[in-house]
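Quick note: the coordinates plus some simple rules give every number you see, no bench work behind them. For clarity, every value in this text was computed on a predicted model and none was experimentally measured. We place every Cβ from the backbone using ideal geometry, glycine too, and count neighbours over all the protein chains shown.
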Amino acid sequence: MASMHIVLEDTHAVWCSADIRSSLQYLVTLFSRKLFNDSLPPVVLKHQLYSLHNDKTSVDKQVVRSDCNKCSTWDSVQSHFIIITLMHSEALVFSFPRQNELRETGELLMFQLGFDSEAFALVFAEDYRAKVLQGEAGRGTLGTVEKFLTKLIPSCSDLSFNKEKMLKEFLFTDSEITQLVKSGVLTVRDAGSWWLSIPNSGKFIKYFIKGRKAVLGMVKKSKYGEILQTELEGRRTTSQVKFQMKYHIHDIIGAELVECIQTTSGTLLRYVDGNVN
Amino acid sequence: MLSFLYARQSGLDDPVRLRRAESTRRVLSLELNHNRDVDRIHGNGINTLDIEVIDGRYMLSGGSDGVIVIYDLENNSKKPQYTCKAICTVGRSSRHVHKFSVETVQWYPHDTGMFVSSSFDKTMKVWDTETLKPAEEFQFDGNVYCHHMSPVARKHSLVAALLYSVLAVGTKDPKVQLCDLKSGSRIHILQGHRGEILSVRWSPRYDHILATASTDSRVHIWDVRRASGSLFTLDQHNGDKSKTSSEAVNTAHNGRVNGLCFTADGLHLLTTGTDDRMRLWNSATGENTLVNYGKVVNESRKGLKFTVSRGCSPEFVFVPCGSSVAVYGLHSGELITMLRGHYNNVDCCEFHPDYQELYSGGKDCNILAWVPVLRQPDIEDEETNSKRGGTHAAINPAFEDAWSSDED
C-alpha cells in the first residue's frame, strides 16, 4: 500500500477561530441582560478580545473582513484544507470554509459606538435580529425593519450606509429610511449617511462609560496606582458600575488603559498615565 | 548555532540562513552594556542620529542646541570597555553653526565626505566633513522639519528632498521642496498637503518614489518624475468608507502623522501617528496590511524618528515610546520588549545592521548603545580555568569566604 505523507497544514487556523467564537460566547455571558430589561442583545467590544488573545492581528483578521492581508503565511488558500494522515496510509481530508471573516459569513455584526473611533461593538447576528424584532413588535415600522434586517444580515458587513446605497442597492424609499432611523436601527452620521446601530443602546453606552471611568478610578486610587487583577475582581463595586467587574476589566486591559504586568502573585494592572478617560 | 554552522559548511543551507538566524538571535537579546558608551557632548536634547551606510563606522548626531557631532563607533582598542569618541563637532563656537535646533542630519549616501543638516533656523546646510564648513546653504521660508536624500539614487542628480512647513495661515500651502545637490538649486515643488509636513522618506527600492507625512493626517506617495500630484494617499480603512466618520475618510491616521520608515527592501512602509497607532502599508499599492501593534504611545509634536532592523527574519521595528524604545515584530505586531534606560523622552533611534546594535538619543542628552548580549562561556571553559588555579568565574570575589578558619 503506498503510504501518503501529507504535511499537516496550519491547524492552528482552525483552532484560532473556534477560540474566538468561544471567547465571544464567554464575554457574552458577562454581559448583564437584566440591566436593560432584556431589550438589548448582548454586546461585546472588539478590544475585549485582545485581553483574551495575545495576537491582536489574528483577532482582527477573524473579526474584521480583511481580504487584503497577504503578508501573513497562514492565510493562504491551502490553509482551509486540513489533512490528517492515519496509521494505515489512509488520509482524511477535511475542508473548512475560510475560518477568518466571521463577519463575512454573517454571524457577527460590528457597530461603531460613537464615543471612541476605535471602539467597535460586536453582536451575534441572531441575537441582534431577535431583539430588534422583539422591540419592534406591535409597531408600524416592523415591516420596514424586517426588510432591512433580511437585506443586511446575510451579506453586508458595512458599518455605515449612505443615501445612494440605501436607495439604489437596498431599494428603500425616503420614508422607509425615516422609519428605520425612528426605530433605532440607523443613527445619523452625516447629511445623507447613517451608522448601523443597536436600538436602545444609548443607555448601554452611558452605563459603560461611567463604569469604565469608575473602574479606572479604582485602579488609579490604589496604592502606587496598581492593583492585582484578582483583588480588583473581588472589590465591591460602587453604584456607578452597573456591569460585571470582569466585563470592565477585559475592556480596560484590551483598550490598553492599564498595563498588564505578570507577577508571581498573578496579573498586576497598573494605571497608565496620559489617559483621557 | 553549531548545527547552522555545520549545515552551511556542508552546503545544506544557504549562507544567508546562518547570517539571518544569528542576526535575529542577536537583536532579540539587545540590552544596555556597561562596556559600551558614547561620549556625551550635547548640552541639550538629541534630535537625530545617522550612521553612515558605507562602513558603518561614523555616526552623526544633531541636537536641540544646534550642535552637530561626529562619533567613531569602531572599537580599535583591544579592551572590551570602549567609549565611542566624538571625532569632531560643529559646536556653538563655530561660525557656521545652526542658530536653532537641528532637526535632521544625514550622511551623503555614497561617501562620508559630505553630510546635510536641516534645522529650525530655516536653513539646510551641506557640510564638507574635512573642513566642517558648509559647502552649500539653502534658505527657506519656514521651519524645516525633515529632509532626506535617496540612498539608491544614481541616475538623478542626487536630489535631496526637503520639506519645509509653512504655517497654514493665509493662502500659502505646505510644500515639499526638492533641491538638487549637483547644481545647488531648487528643482521642484510637490503640492498637495494641507498641513505641516513632519516627515519625508525616499524609497530604498526606487529612486523616484517619495513618501511624505503631515499634520493633516495624510501620507502621500509621490513619483518625482511626474508633473501632476501625488500617486496616491494612504487610507487606513482601505477604501471602506463606512468604517469611519466622514471627516476621517482617506486619512492614514486619526491624528498627526509624524513618523515614516520604509523597510529595508522598500516593499512596506511604516507610519506612526499621534492617535497612538502604528500602521504597516504595502508601499506599492498603498493598502493597509492591518497589522495591529496595539497602543504605540506617541506624544511627539515634531517628527518621530524610528527604524527597522535589517538582515533578520522576522524583522523588528524599534520605536521610541516615551522614555523607552519599544521593539515590535514587523509583521506579527507583537511587542517583543521595551528597552528602558533613558531618563527622559527618546527622540530618535538608529540601527547598525552589521553589528545588530541600536543607538538611541533623547532629551536627556545621552546616546545609549544597546548591544546584543554575549554568549556566556561554556561550563567546560570554567572547569579548565579552575584546574589551572585561576579564580572560578562564577564566584564573585566579594562573596569568597576569606575569613572563616578551617579548624571549625
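Residues of A:48-57, mean number of Cβ from any other protein chain within 10 Å of their own Cβ, rounded to a whole number?
3
Could you pull out every residue, at least 5 positions away or on a different chain, whose amide H is within less than 5 Å of the one on B:Gly63? Hs are placed 1.01 Å off N in the peptide plane, and Pro or chain starts have none.
Those lying under 5 Å, H to H, from B:Gly63 are B:Asn47, B:Val102.
Which order do the peptides B:83-96, B:309-322, A:124-137, B:42-55 take when ranked by the mean count of other beta-carbon atoms within 10 Å per residue, highest first?
B:309-322, B:42-55, A:124-137, B:83-96
Tell me the mean residue ellipticity at 222 nm calculated for chain B from its helices only (DSSP H runs of n ≥ 4, each -39500 (n - 2.57), averaged over every residue, nearest 500).
Result for chain B: -2500 deg cm²/dmol, rounded to the nearest 500.
Per residue of the range A:233-246, what does 6.51 cos²θ - 1.76 cosθ + 1.60 with θ = phi - 60° give for ³J(HN,Hα)? Whole Hz please, x for Gly and Pro, Karplus curve as stated.
5, x, 5, 6, 8, 6, 6, 5, 8, 9, 8, 5, 4, 5
Output the peptides B:345-354, A:208-217 sorted from most to least packed, where packing is the average of other Cβ atoms within 10 Å over each peptide's residues.
B:345-354, A:208-217
What Kirkwood radius, in Å to one decimal, follows from the Cα pairs of the range B:239-370?
15.2 Å
Hey, with R₀ at 56 Å, roughly what FRET efficiency would B:Gln191 and A:Thr29 work out to, going by the Cβ-Cβ distance, to 0.05?
That pair, B:Gln191 with A:Thr29, gives E of 0.50.
Residues of the range B:36-60 with backbone nitrogen within less than 14 Å of a virtual label 7 Å along the Cα-to-Cβ line of B:Asp111, please, listed as ranges.
Answer for this model: B:54-55.
Relative contact order of the range B:34-89: what whole-number percent is it, with Cα pairs under 8 angstrom and at least 6 residues apart?
In percent, rounded to a whole number, it is 37.
Mind giving me the FRET efficiency for B:Cys88 and B:Tyr355? R0 is 25 Å, r the Cβ-Cβ distance, nearest 0.05 is fine.
So, using R0 = 25 Å, E works out to roughly 0.65.
Label-point separation (nm) for B:Arg40 and B:Asp13, each offset 7 Å from Cα along Cα-to-Cβ?
It works out to 4.2 nm between the two label points.
Starting with the highest mean, order B:263-274, A:196-207 by the number of other Cβ atoms within 10 Å, averaged over the residues of each peptide.
Peptide ranking by packing, descending: B:263-274, A:196-207.
With a/c under 1.5 counting as rounded, go ahead and sort the range A:143-210 into rounded, prolate or oblate using the C-alpha gyration tensor (a ≥ b ≥ c being the square roots of the eigenvalues; past the cut-off, prolate if a/b is larger than b/c, else oblate).
prolate
Test of understanding: what is the full-extension gain from B:Ser313 to B:Thr337, defined as 0.36 nm times their sequence separation minus their Cα-Cα distance?
Between B:Ser313 and B:Thr337, full extension yields an extra 7.0 nm.
For B:292-301, what's the mean count of beta carbons from other chains sitting within 10 Å of each residue's beta carbon?
So the per-residue partner count for this stretch is 3.
Hey, got the average number of other protein chain Cβ atoms within 10 angstrom for residues in A:158-168?
2
Quote the relative contact order of chain B in percent (integer), defining contacts as alpha-carbon pairs under 8 Å separated by 6+ residues.
Once normalised by length, the contact order is 13 percent.
What per residue convex hull volume, in Å³, do the alpha-carbon atoms of chain B yield?
Hull volume normalised by residue count: 193 Å³.
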